[in-house]
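Structure, as structure tokens:
Since every read-out is calculated from the coordinates, none of them should be taken as a lab result. Computed from a predicted structure; not experimentally measured. Positions of Cβ are generated from backbone atoms using ideal geometry, with glycine treated the same way; all protein chains shown enter the neighbour counts.
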Amino acid sequence: LAILEPMSPEEWCRIWIPVIHPDVEAPYPGERSPTGYMKASIMTLCKLTGYSESTVEGWFYGKSYHHTLGILLRCLHILFQFQRTIKN
């Protein structure tokens, strides 16, 4: 089930950064990130996870992360979806 699958930081950011930061555009597959996207992604993940900027930035450049991060991001994804559903 997809609900139980961990989410990568990239996957989570592609979905939620444009929602959290409406002025920041999401990247198109295979293209460079638009201006401000990486900064918004790194700062948002730092606040949500408590990890440092350098650690979070490393995740986008191939540095490994603990599997529980993927579970945390999936949980945040589900919570944010639920929040959007009850607001509408």
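Students often forget the sequence filter, so: which lysines lie under 26 Å Cα-Cα from Lys87 once same-chain residues fewer than 8 apart are removed?
Counting by Cα, and skipping residues close in sequence, Lys87 has these lysines nearby: Lys47.
Net charge near Ala26, counting Lys/Arg +1 and Asp/Glu -1 over other residues with Cβ under 13 Å of its Cβ?
Overall, the nearby charge balance is -3.
In nm, to one decimal, how far is the modelled label at Gln83 from the one at Phe60, with both set 7 Å along Cα→Cβ?
2.1
Helix-only estimate, please: 222 nm mean residue ellipticity of the chain, summing -39500 (n - 2.57) across DSSP H runs of length 4 or more and dividing by its residues, to the nearest 500.
Using -39500 (n - 2.57) per qualifying helix, the result is -19500 deg cm²/dmol.
Please report, ordered by residue number, every helix of the chain (full DSSP H runs) that is 30 Å or longer along its axis going by C-alpha atoms and whose mean Kyte-Doolittle hydropathy reaches 0.0.
Result, helices passing both filters: 67-87.
Between [x] 33, 30, 25; [y] 51, 30, 21; [z] 73, 28, 27, which entry matches Cα extents along the principal axes in Å as derived from the coordinates of this structure?
Label of the calculated value: [x].
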